[in-house]
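Here is the structure we will look at, set down as C-alpha cells.
We did not get these values from a lab; they are worked out from the coordinates using the rules stated. On a predicted model such as this, the values are computed, not experimentally measured, just so you know. A quick note on method: Cβ atoms are made from the backbone with ideal geometry, for glycine too, and the neighbour counts reach across all protein chains shown.
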Amino acid sequence: MNLKDKLDAFPLFERIAQAARDEQVKAYVIGGFVRDLLLKRNSKDIDIVCVGSGIALANRLALDLGPDVHVSVFKNFGTAQLKQGDLEVEFVGARKESYRSESRKPIVEDGTLEDDQNRRDFTINALGISLNDEDYGELIDPFGGVRDLRMKMLRTPLEPSLTFSDDPLRMMRAIRFASQLNFDIEPDTFDAIMAMKDRIEIVSMERISDELNKIVLSSVPSYGFKLLYQAGLLPYIFPELMALHGVEIIEGRGHKDNFYHTLQVLDNLAPHTDDLWLRWAAILHDIAKPATKRFDKRAGWTFHNHEELGARMVPGIFRRLKLPLNEKMRFVKKLVRLHLRPIVLSKEEITDSAMRRLLFEAGDDLESLMKLCRADITSKNPEKVKRYLSNFDLVEKKLIELEEKDKLRNFQPVITGEIIMETFALTPSKVIGVLKETIREAILEGIIPNEYEPAFAFMVEEGSKLGLSPVTFPKEK
Ligand code: CTP
C-alpha cells in the first residue's frame, strides 16, 4: 500500500525526507500517527524513526527550516523534538532491545527498522511509512497492523507476555485504545493481561492515570472500565471503584450494583461533556456507598450521608492517583457533595429557600451539577425516568427565575465585615462573623432581599439583640 497521497497533505514530510537524504540515513514515520492517518483521525504528534541518529536528523531539519525552529534534545533517551506550526515531531534512532520505559534505565542499542517495530506495543502502532527515495510513501506493516485496524483488534506484535514485560503499562494501553477506538482485544493478548496484571504495580501512578484519563474521556467509558475489571487490573489501580462492585442481599432485599450504576452515569454524561473533571465527578459521586451502607429492617438499604463522606474521600483518591490537588479537585469534591440536592428538590415541594441555597452553594458550577444529576437517573423504568426528568425541568426553570431575581449564584454579601465593624465601632472579633452569618442566612431564607438598605436595617436589629448599638448610619449607595 502506498500512502504518498496522504503524506502530501503535510509538506513537512518532504522536508524530513530531504534532511534524511542530506544526512544519508533512512527515515520512517512510525506509530500512532500512521495508525491515525489510516483511521482518518486527527493527530498532531508525529514520530520519526531513523536508522542512525535521530538527534542529528532533527538538527539537520531545523537548519533547513530556519532560525525560528527550536530543537529540544533529550540526550539520555537519544531523542529530539521540534515544533512546526501545530505539529510536534519527535525523532528517534531505531532501537533493538527494550522499549524505553521511564520506570527503568533505558537499554538502548542501535537497530534496524524491523528491530524497532518488534519492540512496539501493538500491531496497529507498529506501522511505518517510508520517507526514502526508493519507496517514498510505502506502508511497512510486518505484523498485519492494517488487518487488525480493519478487524478493530488490539494485538501485540510479539508474544504478548514479552511485549507486556517490556513495559507493563501496555496492559492499560491495550484497554485504553480499546475504549478510545472501540476495538476488541485479541484473546491471547487479553489472557496475558489477566495473567500478568500484578506487574502493573511497578509502573508509576502518573503514567497509569494518563491512560485512565484517556479511558474516562472516551465516548463510552464504561467499556474501558469493564475491561479493567475483567482483566483484574481494577483492584490494583482503583480499589475504591472496585469496592462498589457487587450486590448484598439481606432478607431477600438487595441494593443496586453501584459499580455498574456508576458506569451507567458516566456513559449517560459522556455525550453532554468533554470536561474530564465533570466526568470524574460522575465516577466518584457514589464512592462512599460501600462505607455508608446499612440495612434497616423497615427502610431497607440506606447509604446515609454518602455524598458528604464521598466528598471527603476525594482528596485522598486524587492524591493516590496523582491527579491534581488544585481547583479541579475542589470542583469534583463540590459536585460529589451536592449531587443529591437537585434530585431531592425535584421530589419535594420546591421551596424558594432550598433553591436559593442550592444556587448559593453551587455558584458557577450549577450547570455541571445539573448535568451530573440528570445522568444519575438510571432507573430501568422509562416512565420513572421521564417523570424525574420532567420534574428536573421544573427545578431548572425555577432556578433560572430565582437567579434572575436574586442573583445568588455569585453571592457577594452586601454587608461586609468592614461595614459591621464601622457601624458598631468594633475591632475584629467573633461577633462580626456571627452577624455576617445571620445576615447571609436571612437572605438565603428570603427574609430580606440581597440589597444594601434592608440588609443594613436587619444588621442593626440583629446587632441590638447582641447588645450593640450603631455609631454610624447607612451610607448612600
Ligand atoms: N509505544 C510503545 N509502548 C508504550 C508507549 C508507546 O510501544 N508503552 C510506541 C507505540 O508505537 C506508539 C508510539 O510509541 O504508537 C507513540 O506513543 P504515544 O505517543 O504514547 O501514543 P500514540 O500511539 O501516539 O497514541 P496517543 O497519541 O493516543 O497517545
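For this structure, a couple of remarks:
- The C-alpha radius of gyration of the range 35-165, expressed as a fraction of 2.2 N^0.38 Å, stands at 1.10.
- For the range 350-477: relative contact order, % (alpha-carbon pairs under 8 angstrom, 6 or more apart): 28 percent
- Distance from the C-alpha centroid of the range 285-358 to that of the range 359-403: 15 Å, rounded to the whole angstrom.
- Close amide H pairs (under 5 Å, H built 1.01 Å from N) link residue 95 with 111, 116, residues at least 5 positions away or on another chain.
- The chain: projected area of the alpha-carbon convex hull, averaged over directions, in nm²: 31.5 nm²
- Look at the alpha carbon pairs under 8 Å that are at least 6 residues apart: their mean separation over the length of the chain gives a relative contact order of 8 percent.
- By the rule of a C-alpha distance below 14 Å, with chain neighbours fewer than 8 residues away ignored, the aspartates and glutamates paired with residue 397 are 352, 367.
- Less than 5 angstrom separates the built amide H of residue 154 from those of 184, 185, 186, all sequence-distant by 5 or more or on a different chain.
- Estimated distance in nm for a label pair at residue 398 and residue 445, the labels positioned 7 Å out from Cα along Cα-to-Cβ: 1.9 nm
- Using only side-chain charges placed at the Cβ, +1 for Lys and Arg and -1 for Asp and Glu, the dipole size of the range 74-219 relative to its Cα centre rounds to 540 debye.
- Neighbourhood charge, 14 Å Cβ-Cβ cut-off, centred on residue 297 and excluding it, Lys, Arg +1 and Asp, Glu -1: +1
- Counting all C-alpha pairs of the range 321-407, share separated by more than 21 Å (%): 34 percent
- Charge-dipole axis of the chain as Lys and Arg at +1 and Asp and Glu at -1 on Cβ define it, positive-most pick from 215, 435, 260: 435
- Each Lys and Arg adds +1 at its Cβ and each Asp and Glu adds -1 at its Cβ; summed about the Cα centre, the range 9-56 shows a dipole of about 200 debye.
- Local net charge near residue 18, Cβ-Cβ under 14 Å (Lys/Arg +1, Asp/Glu -1): -1
- Ordering of 423-429, 76-82 by burial proxy (mean other Cβ atoms within 10 Å per residue, highest first): 76-82, 423-429
- Highest average first, the peptides 461-467, 18-24 ordered by how many other beta carbon atoms sit within 10 Å of their residues are 18-24, 461-467.
- Gap separating the Cα centres of the range 141-169 and the range 191-245, nearest whole Å: 19 Å
- The range 180-319, Rg to Rh (Cα coordinates; Rh as Kirkwood inverse mean 1/r): 0.99
- Trypsin sites (Lys or Arg not before Pro) within the range 166-271: DSSP coil, no more than 16 neighbouring Cβ in 10 Å: 256
- For the cross-link pairs 6/197; 297/322; 333/436; 293/384, the ones whose C-alpha atoms lie over 30 Å apart are 6/197; 297/322.
- In the chain, helical runs assigned H by DSSP with n ≥ 4 each contribute -39500 (n - 2.57); averaged across all residues and rounded to the nearest 500, the mean residue ellipticity at 222 nm is -15500 deg cm²/dmol.
- What you get for the chain, charging only the Cβ of Lys and Arg (+1) and of Asp and Glu (-1), is a dipole of about 1440 debye around the Cα centre.
- Spread over its residues, the convex hull of the C-alpha atoms of the range 375-477 is 133 Å³ per residue.
- Distant-in-sequence amide H partners of residue 301 (H built 1.01 Å from N, under 5 Å): 296
- Two-site FRET efficiency, residue 2 against residue 182, from Cβ-Cβ distance with R₀ of 30 Å, rounded to 0.05: 0.60
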